[in-house]
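Structure, as structure tokens:
The values are calculated or read from the model by the stated rules, or taken from the named source; none is laboratory data. All of these numbers come straight from a predicted model, not from anything done at the bench. Using ideal geometry, Cβ is built from the backbone for each residue, glycine included, and neighbour counts are taken over all protein chains shown.
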């Protein structure tokens with residue numbers, strides 16, 4: 001139980017909103033219910049989307065909510081050396097790609113393929129027509145070898161065929177930024193996380209990450225994906241869909257955010273929490289009962 005290590009890994013694209021709080025709360029409660037460690041990692045490798053000061057605002061909000069991390073916060077933007085080393089380790093499985101998104105979509109349309117986002121393998125055998133490398137992709141296996149299966153602690157058995165559902169995926173982008181899939185796998189392994197608790201919007205990434213873990217010789221953590229909060233249109237709450245931060249600096253985050261997030265996670269309080277400390281004490285017991293943690 002004491003060996004449990006979990007994390008919350010927000011991107012600093014804006015303030016914490018209810019949707020991101022739900023993911024943070026689930027990861028925090030799972031760590032506390034297991035008497036383990038809970039860490040925070042700022043996933044800021046997508047520099048185009050970062051909002052100045054959002055990282056520190058997120059940390060301040062977590063503290064206001066009574067969520068304290070057990071080790072120093074890590075920023076992905078400071079870890080490029082580790083990602084480069086992993087890319088070099090994967091060299092036998094990586095190829096340079098000159099395709100733009102439009103070219104990928106056009107190639108699939110010409111081939112009569114339905115999903116225009118899945119990479120059609122254009123540069124697998126090398127870049128042609130004197131084009132310049134834009135990105136580096138990981139070559140995924142074909143056939144049965146592409147099937148990745150894992151057990152989600154909440155959603156049950158999951159299976160994805162990387163070849164038909166994803167295709168060769170990007171590890172380093174055309175703009176020089178590290179892709180999420182590689183960065184998160186490297187950091188989860190180097191930070192020793194045993195459990196990944198996050199939103200179900202990232203469920204589709206799990207097979208790619210497990211495959212990368214296998215190639216790099218990393219252990220595969222346990223996964224738990226919780227439902228995502230949506231707006232009135234059924235869209236996931238995010239900065240792109242106009243989600244607003246709940247921390248106004250002087251408001252009651254217990255009533256405005258913590259209790260609503262717990263309700264979304266189906267945690268039912270028999271009596272209203274008296275304060276934030278009482279909230280977490282009770283919520284941890286409720287989570288342990290919900291997940292069958294002993």
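Given the criteria in contact with a helix residue (DSSP H, G or I) (Cβ under 6 Å, 6 or more places away or on another chain), under 18 Å from residue 198 (Cα atoms) and at pLDDT 95 or above, does residue 69 qualify? No; evaluated as a whole, the condition is false for this residue. Does the range 264-277 contain any residue that is in contact with a strand residue (DSSP E or B) (Cβ under 7 Å, 6 or more places away or on another chain), within 30 Å of residue 89 (Cα to Cα) and either touching a residue at least 12 places away in the same chain (Cβ under 8 Å) or assigned to a helix (DSSP H, G or I) (or both)? Among the residues of the range 264-277, not one is in contact with a strand residue (DSSP E or B) (Cβ under 7 Å, 6 or more places away or on another chain), within 30 Å of residue 89 (Cα to Cα) and either touching a residue at least 12 places away in the same chain (Cβ under 8 Å) or assigned to a helix (DSSP H, G or I) (or both), which makes the answer no.
The condition (being out of contact with any helix residue (DSSP H, G or I) (no Cβ under 8 Å at 6 or more places or on another chain) and closer than 21 Å to residue 11 by Cα) is satisfied by just one residue among 261, 200: 200. The residues of the range 142-153 that are over 12 Å from residue 210 (Cβ atoms) and either modelled with pLDDT under 95 or out of contact with any helix residue (DSSP H, G or I) (no Cβ under 8 Å at 6 or more places or on another chain) (or both), listed by number, are 142, 143, 144, 145. Condition check for residue 46 on (1) under 18 Å from the mean Cα position of the chain (by Cα); (2) closer than 21 Å to residue 5 by Cα: one failure, at (2). Residue 195 satisfies every condition listed in (1) over 21 Å from residue 34 (Cβ atoms); (2) touching a residue at least 60 places away in the same chain (Cβ under 8 Å) except (1).
Here residue 152 clears all of (1) touching a strand residue (DSSP E or B) at 6+ places or on another chain (Cβ under 9 Å); (2) free of Cβ contacts under 8 Å to residues at least 60 places away in the same chain except the condition numbered (2).
The residues of the range 40-84 that are farther than 18 Å from residue 276 by Cα, free of Cβ contacts under 8 Å to residues at least 24 places away in the same chain and not in a loop (DSSP other than H, G, I, E, B), listed by number, are 56, 78, 81, 84. Checking residue 185 against (1) in contact with a strand residue (DSSP E or B) (Cβ under 6 Å, 6 or more places away or on another chain); (2) crowded, with 21+ Cβ neighbours inside 10 Å, only one condition comes out false. Which one? In the conditions (1) in contact with a strand residue (DSSP E or B) (Cβ under 6 Å, 6 or more places away or on another chain); (2) crowded, with 21+ Cβ neighbours inside 10 Å, residue 185 misses (1) alone.
Every residue in the range 206-249 that is in a helix (DSSP H, G or I) and either within 17 Å of residue 6 (Cβ to Cβ) or modelled with pLDDT under 90 (or both), please.
Taking the range 206-249 as the starting set, the residues that turn out to be in a helix (DSSP H, G or I) are 206-216.
Within the range 206-249, 206, 209, 213 qualify.
Put simply, of 136, 193 the only residue that is in contact with a strand residue (DSSP E or B) (Cβ under 7 Å, 6 or more places away or on another chain), buried (at least 19 other Cβ atoms within 10 Å of the Cβ) and farther than 22 Å from residue 47 by Cβ is 193.
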